[in-house]
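Asker: My questions all concern the structure below.
Each reported figure results from applying straightforward, stated rules to the coordinates on display, with no laboratory input. All values reported here derive from a predicted model rather than from experimental measurement. Cβ: placed from backbone, ideal geometry, glycine included. Neighbour counts: every protein chain shown.
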Amino acid sequence: MNKRPTYSIVAPIYNEEGNIPDLYKRISHVMDSTGEPWELICVNDGSKDRSLEMLQGLAREDERVRVINFARNFGHQTAVTAGIDHASGRAVVLIDADLQDPPELILDMIERWKAGYEVVYAIREKRMGESWFKLFTAKMFYRLIYRITDVDIPVDTGDFRLMDEKVVQVLRAMREHNRFIRGMTSWAGFKQTGVQYVRQARHWGETKYPLRKMIRFALDAITSFSYFPLQIMVYVSGILGVLAFLAIPVVALLRVIYGMEFFGGQATTIVLVLLMSAFQLFFLFILGQYVARVYDEVRGRPLYVVASRTGFDGLSGVTPPTAALTATPEAERVGEVSEKDAS
Ligand code: UDP
Ligand code: MG
């Protein structure tokens, strides 16, 4: 009969029609070789191409394929979250749909998991087929995050990872809106280890992370796991204060020696005022970033809205993920507000 799957593979999908057939082929080939039951959960994150039809077609043919269809594009990290919420495996694997993450590596992850590790993340030893700009910014990003965050987030790891159900439970209980999943997994703790791999070029299509989304992602990562940007204000203001304090006797002295020609004009004042304003506005921006995120959390909106689900009822006999039901009120899961909440 239908058994609870051992493995849940979660793939976020945003306009990936050219990748879906090979993704399915490679994942099913790899997972079948384990000889254990598995499911593939695809989260359609508001794709505008034929991704949804293709996924639903797969779900009709193979009852191990399940589809969660978002009502609009909610973003990569949220799509992954919905997949985690709906996964019923004992281990959950997050994988990108563009085959940059080779499904074959899942076997190595499983080996480590069976050896007792609760999180096995994939370390990008090398990245192929990406622009120097992406490589450079990614490299800087991972190192910056490593330095300034309070949890140890291993460098050069993405979301490609296997997590034991214990870790998955913790993630399900974390309902924050600005999500940085790899940071959240590190925060959860447990025994973690990495396996190395060479990140391939995208199988088909273009990156769904334009600069705008990359910046947003980086800001989420930093503000969710570090107060460092807020704390540097005190150093900057300290340095400026000391400089200003030192400037007073210096200017007075120069005036005495050289007379009014020195610092007589307005130029220096204007430059200093501009400089100070720039500093102040920059730090106000940082402050605003945190305040906006507090506002996001306080509103308590659902993380995502599901328009439809395919393959979750009856087919496999797997009960709905209980942890997701308890960790997340039903209203939040389906994106509705009950009468009680609304009053
Ligand atoms: N993705 C998504 N929603 C988005 C952007 C991306 O679900 O708004 C998915 C995308 O389909 C892919 C994964 O997230 O499976 C990673 O995106 P991408 O490969 O474009 O990022 P990159 O590898 O270039 O950083
Ligand atoms: Mg990619």
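Asker: Rounded to two decimal places and with Rh computed the Kirkwood way over Cα pairs, what is Rg over Rh for the stretch 64-204? All intermediate terms of the calculation are to be shown ahead of the outcome.
Answerer: Details: Rg = 14.9 Å, Rh = 15.8 Å.
Rg/Rh for the stretch 64-204 comes to 0.94.
Asker: Rounding to the nearest 10 and keeping the result within 0 to 90°, find how far the Cα-based axis of helix 211-225 lies from the longest principal axis of the chain.
Answerer: 80
Asker: Okay, next question. Return the percentage of antiparallel bridges among DSSP beta bridges fully within the stretch 53-211, rounded to the nearest 5 %.
Answerer: Details: 8 of 16 bridges.
Close to 50 percent.
Asker: Take Trp132, Trp187 and order them by how many other Cβ atoms sit within 10 Å, fewest up front.
Answerer: Final ranking by Cβ density, sparse to dense: Trp132, Trp187.
Asker: Let me ask something else. Among all the aspartates and glutamates, which ones have a C-alpha under 18 Å from Lys208's C-alpha, if same-chain residues fewer than 8 places away are not counted?
Answerer: Glu16, Glu17, Asp45, Asp49, Asp96, Asp98, Asp101, Glu130, Asp159, Asp220
Asker: Sequence gap at least 6, Cα distance under 8 Å: using those rules, report the relative contact order of the stretch 92-220 to the nearest whole percent.
Answerer: Relative contact order, the stretch 92-220: 43 percent.
Asker: While we're here: Near the amide H of Gly89, under 5 Å away, which other amide H atoms are found, from residues 5 or more places off or on another chain, if H is placed in the peptide plane?
Answerer: Ser8
Asker: Given the options Gly189, Gly75, Gly83, state which has the largest fluctuation in a GNM of the chain using a 10 Å cut-off (strictly under) for Cα springs.
Answerer: Highest fluctuation of the listed residues: Gly189.
Asker: If you don't mind, another one. From the mean inverse distance of alpha carbon pairs (Kirkwood) and the Cα radius of gyration, derive Rg over Rh for the chain.
Answerer: Ratio of gyration radius to Kirkwood radius for the chain: 1.11.
Asker: Another question about this same structure. Need one number: convex hull volume per residue for the stretch 205-284, Cα atoms only, in Å³.
Answerer: Roughly 117 Å³ of hull volume per residue.
Asker: Turning to a different aspect of this structure: Only Cα pairs under 8 Å and at least 6 apart count here; give the relative contact order of the chain as a rounded whole percent.
Answerer: Working: 511 pairs, mean separation 77.3, N = 343.
Averaging sequence separation for qualifying contacts and normalising by length gives 23 percent for the chain.
Asker: Note the angle between two axes, namely the Cα long axis of helix 76-86 and the longest principal axis of the Cα atoms of the chain, as a number of degrees from 0 to 90, rounded to the nearest 10.
Answerer: It is inclined by approximately 40 degrees.
Asker: Further, regarding this structure: Mind pulling up the Rg/Rh value for the stretch 22-117? Radius of gyration and Kirkwood radius, both on Cα.
Answerer: 0.96
Asker: On to the next question. Take Ser224, Ser277, Ser88 and order them by how many other Cβ atoms sit within 10 Å, fewest up front.
Answerer: Ser277, Ser224, Ser88
Asker: Something else now. With axes computed from alpha carbons, what is the tilt in degrees of helix 105-114 against the longest principal axis of the chain, rounded to the nearest 10 within 0 to 90?
Answerer: 80
Asker: Please work out the ratio of the alpha-carbon Rg of the stretch 118-199 to 2.2 N^0.38 Å and round it to two decimals.
Answerer: Here the answer is 1.13, to two decimals.
Asker: Using the number of other C-beta atoms within 10 angstrom as an exposure proxy, rank Tyr24, Tyr227 with the fewest first.
Answerer: Ranked by crowding around the Cβ, least crowded first: Tyr227, Tyr24.
Asker: In addition: Amide H neighbours of Val65 under 5 Å, counting only residues 5+ apart in sequence or on other chains, H built in-plane at 1.01 Å?
Answerer: For Val65, the qualifying residues are Leu40.
Asker: So if I place +1 on the C-beta of Lys and Arg and -1 on the C-beta of Asp and Glu, and nothing else carries charge, what would the dipole magnitude of the chain be about its Cα centre? I want it in debye, nearest 20.
Answerer: 660
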